[in-house]
Amino acid sequence: MQGAIPAAELVEILRSAGETTRLRLLMLLAHGEFNVKDLTQILGQSQPRLSRHLKLLAEARLIERFQEGSSVFYRLAEHGPGAAILTQLLAAIDPKDALIGRDLARADGLRQEKSAAAQAYFEAHAAAWDEIRSHHAPEAAVEAAMLTAMGQGPFELLIDLGTGTGRILELFAARAARLAGFDVNREMLAHARARLAAGGVRNAQLRLGDIFNLPLETGAAEAVVIHQVLHFLEEPAKAVAEAARLLKPGGRLLIVDFAPHDLESMREDYAHRRLGFERELVEDWLKREGLTSGHYEAIRPAKKAEGKLTVSLWMAVKPPERSRKKREAAETVLEG
């Protein structure tokens, strides 16, 4: 347990958790994120009743709530005195408890229903993703290069901008304590949730969010990834600027996108705004945001795969604060 908790505060935490329905809610939220509608289906209780219990747990800072469109989701708190003891508290529950077992079984059933619905959506649109993938360098080679460029970490928080199917979160799950993926498409977030749950990825959060203006503090993350997103944007440099803002000093930004190409059909068929990016252009964006380019790599298709696209990879680092100030001072002297 981290840190000492005042007796009065500990009593309040235990009082908040010490009720059957609230304890069941905490156990469910230890296994994933749910909204009120989900929880009413699982527990078989009314929405007003569960909302009251959730309110009490939130006030005790045992759980957190977040908005996604018109829905409110809940998850266990990650910080604070309550979070510090929840793991031990829930671990003390008998795994063979019949009531808890039924709750978790219903939760699994609900996940399977949602997974089937999300998969149906994805399959209805999968031809587009498969067709796009068929145009560029092998995905396995791209992912191997990403892992090498990003390094082993470990990272406290890794953010994926435009997370799509959630594959990048899955790829880096073992190298970060926490992961967060943001996307503007609710259906894709549903697919990503199903994918991560099926893959046993428990340290990832998925959020509806505008990658130009995310509700996160400056310097929130040790690592940020922008994978095959910039070519969809009218102002890709703004996304790079937001990614740079999110980085802590010493943090790493990984950008993966197409090298310049002339497949005009990508604009009409897949809503691409840009037909790839020159190496120097992206490096100029990185420099403008105060980042130091650390690595560039062009991942080309096999020689026999004529007409396929090259994938470019840029790795940049946000300099430590002292190094940044020294560099700015030197630039001021040179400009003077």
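The values are calculated or read from the model by the stated rules, or taken from the named source; none is laboratory data. Given the structure is predicted, the values throughout are model-derived calculations rather than measurements. Because the Cβ atoms are built from the backbone with ideal geometry, glycine has one as well, and the counts that use them run over all protein chains shown.
Residues to consider are Ile42, Ile13; find the one that is assigned by TED's automatic domain parsing to the domain that holds Tyr74, over 23 Å from Gly109 (Cα atoms) and among the β-branched types (Val, Ile, Thr).
Residue meeting the stated conditions: Ile13.
Do we have any residue at all in the range 39-53 that's loosely packed, with under 14 Cβ neighbours inside 10 Å and within 29 Å of Leu157 (Cβ to Cβ)?
Scanning the range 39-53 turns up no residue that is loosely packed, with under 14 Cβ neighbours inside 10 Å and within 29 Å of Leu157 (Cβ to Cβ).
Considering the range 274-285 alone, what residues qualify as being surrounded by 15 or more Cβ atoms within 10 Å (Cβ to Cβ) and aliphatic (A, V, I, L, M)?
Of everything in the range 274-285, those that are surrounded by 15 or more Cβ atoms within 10 Å (Cβ to Cβ) and aliphatic (A, V, I, L, M) turn out to be Leu275, Val282.
Which of the following residues is within 21 Å of Ala244 (Cα to Cα) and surrounded by fewer than 20 Cβ atoms within 10 Å (Cβ to Cβ): Gly153, Gly162?
Gly153
If you check Glu289, Glu297, which single one turns out to be in contact (Cβ under 8 Å) with a residue 40 or more places away in the chain, touching a helix residue (DSSP H, G or I) at 6+ places or on another chain (Cβ under 6 Å) and under 28 Å from Ala137 (Cα atoms)?
Glu297
How many residues are assigned to a loop (DSSP other than H, G, I, E, B) and modelled with pLDDT of 95 or more if we restrict to the range 271-314?
3
Those residues that are among the basic types (Lys, Arg) and either more than 19 Å from Lys114 (Cα to Cα) or at pLDDT 95 or above (or both), I need them from the range 148-200; list them, please.
Arg175, Arg178
For the range 98-112, name all the residues that are touching a strand residue (DSSP E or B) at 6+ places or on another chain (Cβ under 9 Å) and free of Cβ contacts under 8 Å to residues at least 12 places away in the same chain.
Across the range 98-112, there are no qualifying residues.
Quick check on this structure: which one of Glu222, Glu242, Glu268 is in a helix (DSSP H, G or I) and within 17 Å of Leu291 (Cβ to Cβ)?
Exactly one residue qualifies, and that residue is Glu242.
Hey, Gly32 hits all of (1) over 28 Å from Gly166 (Cβ atoms); (2) surrounded by 17 or more Cβ atoms within 10 Å (Cβ to Cβ) but one; which does it fall short on?
Exception for Gly32: condition (1).
Select, from Arg252, Arg288, Arg267, the only residue that is loosely packed, with under 15 Cβ neighbours inside 10 Å, closer than 29 Å to Ala220 by Cα and of a type in the set (Lys, Arg).
Only one candidate qualifies: Arg288.
Going through the range 43-59 one residue at a time, which ones are farther than 14 Å from Tyr74 by Cα and among the aliphatic types (A, V, I, L, M)?
Result: Leu43, single match.
Assess whether Val317 counts as being in contact with a Phe, Trp or Tyr (Cβ under 8 Å, 6 or more places away or on another chain), buried (at least 16 other Cβ atoms within 10 Å of the Cβ), at pLDDT 90 or above and hydrophobic (A, V, I, L, M, F, W, C).
For Val317, the condition - in contact with a Phe, Trp or Tyr (Cβ under 8 Å, 6 or more places away or on another chain), buried (at least 16 other Cβ atoms within 10 Å of the Cβ), at pLDDT 90 or above and hydrophobic (A, V, I, L, M, F, W, C) - is not met.
Restricting attention to the range 209-237, which residues are among the acidic types (Asp, Glu) and either within 21 Å of Met315 (Cβ to Cβ) or in the same structural domain as Phe66 (by TED's automatic domain parsing) (or both)?
Glu222
If the requirement is being without any contact (Cβ under 8 Å) to a residue 60 or more places away in the chain, touching a Ser or Thr at 6+ places or on another chain (Cβ under 8 Å) and over 18 Å from Val11 (Cα atoms), which of these qualifies: Leu57, Leu62, Leu50, Leu43?
Of Leu57, Leu62, Leu50, Leu43, the one residue that is without any contact (Cβ under 8 Å) to a residue 60 or more places away in the chain, touching a Ser or Thr at 6+ places or on another chain (Cβ under 8 Å) and over 18 Å from Val11 (Cα atoms) is Leu50.
Which one of these is hydrophobic (A, V, I, L, M, F, W, C), in contact (Cβ under 8 Å) with a residue 12 or more places away in the chain and not in a strand (DSSP E or B): Leu179, Leu189, Leu254, Leu158?
Leu189
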